[in-house]
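The values are calculated or read from the model by the stated rules, or taken from the named source; none is laboratory data. In this text, all values refer to a predicted model and were calculated from it rather than measured experimentally. Quick reminder, even Gly has a Cβ in these numbers, built from the backbone with ideal geometry, and neighbours come from all protein chains shown.
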Amino acid sequence: MTMYITTQGFNVLAAEYNHLKSVERPKVVNEVAEAAALGDRSENAEYIYGKRRLRQIDSRMRYLDKVFSELEVINPATPRGEKVFFGATVTLYDEDQDAETTYQIVGPMDTLDDIHISYLSPVGKALLGRSLDDTITVRTPKEVRHLTISEIKYI
């Protein structure tokens, strides 16, 4: 299954992978080798912890390898017309709260926070393919929201 990710999100994951591969893993391998040289490994906390940390690093690297093969990197600044698609920055007017909110639609592997929402989230799914001035009703786990699209940008 293909997952979308922004260029910035991909760069963050790639930097994490490279850090694990070139800094963390060699450091832990060295620590484990030093701890093993101290003798009895069954009661050597440094050795046991180091081996556990090495398994965690290897597991994360395998996971990232798998994820990289399933990702499609999309530059959110590429204009895609007047509709909401992946990467769009959308300003919404919330009729119930009489307030505006701005979200950028990104992938689930991107950094998600108050201004970045996944295209797989209830609001993200409801916005995809919509146009300026469209009103959508979204059921979130907490409430039902009525939102009107007041601006669409690709930045």
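Scanning the range 120-133 for residues that are without any contact (Cβ under 8 Å) to a residue 40 or more places away in the chain and out of contact with any strand residue (DSSP E or B) (no Cβ under 6 Å at 6 or more places or on another chain) gives LEU120, SER121, LYS125, ASP133.
Does GLU46 fit the bill of being more than 21 Å from ASP113 (Cβ to Cβ) and touching a helix residue (DSSP H, G or I) at 6+ places or on another chain (Cβ under 9 Å)? Here the answer is yes, as GLU46 does meet what is asked. Within the range 124-137, the presence of at least one residue that is of a type outside the set (A, V, I, L, M) and over 18 Å from LYS83 (Cβ atoms) is confirmed.
Residues in the range 113-155 that are polar (S, T, N, Q) and touching a His at 6+ places or on another chain (Cβ under 8 Å) were compared, and the one that is modelled with the lowest pLDDT is THR137. Has the range 8-15 got any residue that is closer than 30 Å to VAL144 by Cα and in contact (Cβ under 8 Å) with a residue 24 or more places away in the chain? Taking every residue of the range 8-15 in turn, at least one turns out to be closer than 30 Å to VAL144 by Cα and in contact (Cβ under 8 Å) with a residue 24 or more places away in the chain. Of all positions in the range 78-91, none carries a residue that is without any contact (Cβ under 8 Å) to a residue 24 or more places away in the chain and among the charged types (D, E, K, R).
How many of the residues making up the range 133-155 are of a type in the set (A, V, I, L, M, F, W, C) and over 14 Å from GLU100 (Cβ atoms)? Steps first, please.
Of all residues in the range 133-155, those of a type in the set (A, V, I, L, M, F, W, C) come to 136, 138, 144, 147, 149, 152, 155.
Then drop every residue that is not over 14 Å from GLU100 (Cβ atoms), which leaves 136, 138, 144, 155.
The total comes to 4.
Taking the range 1-119 and the helices (runs of 4 or more DSSP H) fully enclosed by it, the elements with 2 or more residues that are under 13 Å from the mean Cα position of the chain (by Cα) are at 7-19, 45-70.
Among the residues of the range 61-81, those that are surrounded by 11 or more Cβ atoms within 10 Å (Cβ to Cβ) and acidic (Asp, Glu) comprise GLU70, GLU72.
Only one of the listed residues (ILE117, ILE105, ILE136) is touching a residue at least 12 places away in the same chain (Cβ under 8 Å), touching a helix residue (DSSP H, G or I) at 6+ places or on another chain (Cβ under 6 Å), farther than 20 Å from THR6 by Cβ and aliphatic (A, V, I, L, M). That residue is ILE136.
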